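Bear in mind these aren't lab numbers, they're just calculated from the coordinates by the rules spelled out. Bear in mind that the values here come from a model prediction, so they are computed numbers and not experimental data. Reconstructed Cβ throughout: ideal geometry from the backbone, glycine too, with neighbour counts over all protein chains shown.
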Amino acid sequence: MTTATRPQDPSPWLERIRPVPATRYDALNPSTRLVLGLATAVVDLVVPGLAGPLVALAVAGISALVARNVARVTRPALLVAVPLGILVVAERLLLGSRSGGAAAASPLDASLLGLEVLLRVGVLIATVLLFADTTDGRVLALDLERRGISRRLTYGTLSVLGLGPAVRARIAQITAAQRARGLRVGGGPFAAFRARLPLVFPTLVSALGDFAEGSLALESRASGRHGARTLLWWPPDRGAERALRWVLAALILAVVLLRLAGRLG
């Protein structure tokens, strides 16, 4: 007569087959990367003057260097931020400052304002791209669910974060299919933009359709069931990272409260 044995815990085995992180940034817990990105964005957008965006630029730059992802986040950020900064400088020089009425702003003031806008927008885009390029949404969902966040909210957050890459990939697929049917997308950036403009709306509709299909699939897997699931594996979380997240959360709260109180200008 045999006695039933209790199945062994598969967690050590699952931990051994976990992919080895390529960089020290990839080794961070996804929640740590999320809080670090939020803190960088808050400092970038809330702290007035050049101090906020310069500090955020240093943090984002160090993170991108550690993640070996500088080129992928720098090019899109500059493509958006540089024209916007030039536009702000031109508007200041041509229309003048609002406080001075018809008096034109000095070139130095206009340049500083344009630089501030360039840094704020560029750092914000780079921070979002760095987090999206280095964080696996499925791993982040597991980690957030382990911390008590509902699966519906987790799926919605990940879908919003992945909307940009999904739309970009879908536009590339539709453009390739239309080029095979004779669509001309060459002739300079303006011609390419004019050729791709009619594809934006159907691409967004398709992306929203994918989101709806994912919601139905999530519902069919009992996403509305009450109670926590039993997870076999979740990302490792060191004590130093937990302390760092609390420090960053306190920093975010302090910056916002000081800004609301008028202590930051």
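At-a-glance table
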{"quantity": "Of the trypsin sites (Lys or Arg not before Pro) in region 31-74, those whose Cβ has at most 16 other Cβ within 10 Å and which sit in DSSP loop", "calculated": "ARG68"}
{"quantity": "ARG138, ARG181 arranged by Cβ crowding within 10 Å, fewest neighbours leading", "calculated": "ARG181, ARG138"}
{"quantity": "Sorted by Cβ neighbour density within 10 Å, fewest at the top, the residues LEU57, LEU93", "calculated": "LEU93, LEU57"}
{"quantity": "Order of SER31, SER150 under a 10 Å beta carbon neighbour criterion, fewest first", "calculated": "SER150, SER31"}
{"quantity": "Sites SER206 and LEU260 - FRET efficiency at Förster radius 30 Å, r taken between beta-carbons, to 0.05", "calculated": "0.15"}
{"quantity": "Largest-first ellipsoid semi-axes for region 20-98, taking √(5λ) over the Cα gyration tensor eigenvalues, angstrom", "calculated": "31, 15, 8"}
